[in-house]
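Everything below concerns the one structure shown next.
The values are calculated or read from the model by the stated rules, or taken from the named source; none is laboratory data. Model, not experiment: these values are computed from the prediction. Positions of Cβ are generated from backbone atoms using ideal geometry, with glycine treated the same way; all protein chains shown enter the neighbour counts.
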Amino acid sequence: MSEIIVWISIILLILSSHYIVKYTFIKYIIGIVFLISFFSILKKKSFYDIFDLKTSVVFLGFFLVLWGIDNNNKIINKYIVPIVLFLNILFLITMCYPFKTIQNFISLLGFIYLLITFDYTKWNVQNMKLINVDYNWIIAKTIILSYMYIFDDCVKEKMKALIVLYTPLLYPLNEYLIHRTIHISFGFLYYFISN
């Protein structure tokens with residue numbers, strides 16, 4: 001039964017994500033659902049079971065995106081958003097650590113490639129929409145994460161991880177950060193709820 005609820009939630013998340021840029025009240029609903037889910041998880045798990053570097057960066061990004069859809073701040077738009085994205089990729093390395101298999105090492109090489117080719121000037125935003133979309137980097141990231149999600153043993157929920165990875169590509173790519181951040185944040189919550 002909980003599996004059905006998760007799938008229904010994923011479908012509702014995709015639909016609500018479509019309207020988040022158009023209707024401000026949707027972001028408040030998403031924020032409230034996120035907080036309710038988060039606090040219900042905290043009742044079952046300790047704070048330290050949930051928060052590691054990766055989760056902290058993702059949740060920080062989530063609240064930055066919700067705030068930034070209707071607000072602009074030069075420092076956040078030009079510096080903080082690219083730094084949070086860079087840290088998100090950097091902390092992906094910890095997901096498969098220690099590296100034991102050839103698949104782990106291939107994923108590591110992919111992450112290193114993403115970090116080396118990351119150009120923070122292409123990740124400036126206005127109302128959390130990308131000003132200059134880095135299509136090549138987004139495609140490379142999608143391919144590398146697809147490989148990790150499919151072949152690495154460090155990813156348990158492969159199908160759900162792929163859905164969270166590909167659904168942001170259904171929207172205009174200048175809105176990529178908005179949808180990717182919301183979907184990955186809820187993906188983390190679903191992971192914590194199911195484990």
| task | Having 3 or more residues that are aliphatic (A, V, I, L, M) and closer than 30 Å to Ile116 by Cβ is the bar; report the helices (runs of 4 or more DSSP H) wholly within the stretch 18-87 that clear it. | result | 53-68
| What is the residue count in the stretch 92-109 for residues that are outside any helix (DSSP H, G or I) and β-branched (Val, Ile, Thr)? | 1
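I'm checking my understanding of the structure. Among residues of the stretch 153-176 that are part of a loop (DSSP other than H, G, I, E, B) and in contact with a Lys or Arg (Cβ under 9 Å, 6 or more places away or on another chain), which one is surrounded by the most Cβ atoms within 10 Å (Cβ to Cβ)? It would help to see each step written out before you state the result.
Within the stretch 153-176, the subset part of a loop (DSSP other than H, G, I, E, B) is 153-157, 171-172.
With the extra rule that they be in contact with a Lys or Arg (Cβ under 9 Å, 6 or more places away or on another chain), the set shrinks to 153, 172.
Numbers: Asp153: 10, Pro172: 13.
The qualifying residue surrounded by the most Cβ atoms within 10 Å (Cβ to Cβ) is Pro172.
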| message | The conditions are (1) at pLDDT 80 or above; (2) crowded, with 16+ Cβ neighbours inside 10 Å, and Trp67 fails exactly one of them. Which is it? | response | (2)
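Is the stretch 5-22 home to any residue that is touching a His at 6+ places or on another chain (Cβ under 6 Å), surrounded by 12 or more Cβ atoms within 10 Å (Cβ to Cβ), under 19 Å from Pro168 (Cα atoms) and polar (S, T, N, Q)? Working first, answer last.
Here is the first cut: in the stretch 5-22, the ones touching a His at 6+ places or on another chain (Cβ under 6 Å) are 17.
Filter again for surrounded by 12 or more Cβ atoms within 10 Å (Cβ to Cβ), leaving 17.
Adding the requirement that they be under 19 Å from Pro168 (Cα atoms) leaves 17.
If we keep only those that are polar (S, T, N, Q) as well, we get 17.
Scanning the stretch 5-22 turns up at least one residue that is touching a His at 6+ places or on another chain (Cβ under 6 Å), surrounded by 12 or more Cβ atoms within 10 Å (Cβ to Cβ), under 19 Å from Pro168 (Cα atoms) and polar (S, T, N, Q).
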| request: For the stretch 20-48, name all the residues that are under 19 Å from the mean Cα position of the chain (by Cα) and at pLDDT below 80. | output: Ile41
